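Colleague: Submitted below is the structure of interest, expressed as structure tokens.
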Amino acid sequence: MEPMLENIDDFNGTESKEKRKTVREVIVLCLGIGLVLVVAANVFNTVPDYIGKVPVDKANFNFPQPQ
């Protein structure tokens with residue numbers, strides 16, 4: 001038999017303070033890890049993200065030559 005919602009200790013805000021603290025710590029930890037990753041990605045990003053128009057020099061390409 002499955003438990004009813006009223007029998008679960010986390011239903012309707014009746015969870016313990018320890019569970020609330022644990023959930024809060026997990027959320028803060030995940031946000032902190034995300035912040036560290038964002039900062040690291042911005043600091044150590046050596047590849048430019050800009051893909052714009054670059055002048056093409058056809059002399060540097062190996063196009064097939066007509067015979």
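Colleague: Report yes if some residue within segment 8-24 is part of a loop (DSSP other than H, G, I, E, B), at negative phi and aromatic (F, W, Y); otherwise report no. Walk me through it before giving the result.
Modeller: Residues of segment 8-24 part of a loop (DSSP other than H, G, I, E, B): 8-10, 14-16.
Right, trim to at negative phi and you get 8-10, 14-16.
So of that shortlist, the ones also aromatic (F, W, Y) come out as none.
Among the residues of segment 8-24, not one is part of a loop (DSSP other than H, G, I, E, B), at negative phi and aromatic (F, W, Y), which makes the answer no.
Colleague: While we're here: Given the conditions (1) at pLDDT 85 or above; (2) over 19 Å from the mean Cα position of the chain (by Cα), report the number of the one that E15 does not fulfil.
Modeller: So the condition that E15 fails would be (1).
The values are calculated or read from the model by the stated rules, or taken from the named source; none is laboratory data. No experiment lies behind these values; they were computed from the predicted model shown.
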